[in-house]
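Coordinate-derived values only; no laboratory data. What you are looking at is a predicted structure, and each value in this text was computed from that prediction instead of being measured. Positions of Cβ are generated from backbone atoms using ideal geometry, with glycine treated the same way; all protein chains shown enter the neighbour counts.
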Amino acid sequence: LRYDNALEQYRQTLVGTDIRFGLGFWEVIGEVIYSRWHVPAYLENQSGFVFEPGSNKLRNYDLSNIGMNIDVRFEPPFLTGSYFALRFDHLNFIEKSPFDQNQYGTIDWDKDKYRVSGALGYKLSRNVEVKILASEQTPFDSSLFTFRALLTAFF
């Protein structure tokens with residue numbers, strides 16, 4: 001990059017919060033995170049970095065997204081150490097193209113994503129847990145389905 005466009009001027013802003021609520025054998029956890037980036041324009045398939053017309057200054061724009069999830073967990077009293085959980089995730093890409101539509105066309109940063117996950121878990125001891133998890137995300141056609149079995153030991 002040129003001397004008058006030092007990368008130090010580009011920053012990320014991040015704001016987030018979470019909440020946890022429990023009642024009896026139920027627990028609900030939610031989280032929201034907003035991110036915003038001030039970045040130089042770059043087109044991989046074009047000429048690389050995009051400059052302001054007739055100038056050596058990089059063209060700048062802002063990208064932002066918001067991610068949210070909610071977890072619902074149930075620990076049945078008749079099977080101590082076990083739990084069932086569901087998680088719903090959403091990632092929303094807020095900004096679209098920073099460029100003039102006539103020159104570059106509309107460019108989506110990425111497509112919004114939704115994901116649903118389910119888990120069954122059991123604590124074998126205080127520090128050992130076994131889990132079975134399954135998840136699916138948009139386009140919900142089994143192409144991105146995952147199944148996992150985990151054994152976790154921590155000290």
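Worth a mention:
- Lysine pairs in the chain with Cα atoms under 24 Å, if 8 or more residues apart or on separate chains: 4
- Spin-label pair Glu44/Arg59, simplified geometry with 7 Å Cα→Cβ offset, distance in nm: 1.8
- In this simple spin-label approximation, Asn127 and Leu79 carry label points 7 Å from Cα along the Cα→Cβ vector, and these lie 2.6 nm apart.
- Note on Leu23 and Met68: the model spin-label points, each 7 Å out from Cα along the C-beta direction, lie 2.0 nm apart.
- For the chain, the alpha carbon convex hull comes to 170 Å³ per residue, rounded to a whole number.
- On full extension, the segment bounded by Ala149 and Trp37 gains 36.7 nm, given 0.36 nm per residue less the C-alpha separation.
- Projecting the Cα atoms of Phe51, Pro139, Thr80 onto the dipole axis of the chain, where Lys and Arg carry +1 and Asp and Glu carry -1 at the beta carbon, places Thr80 farthest toward the positive end.
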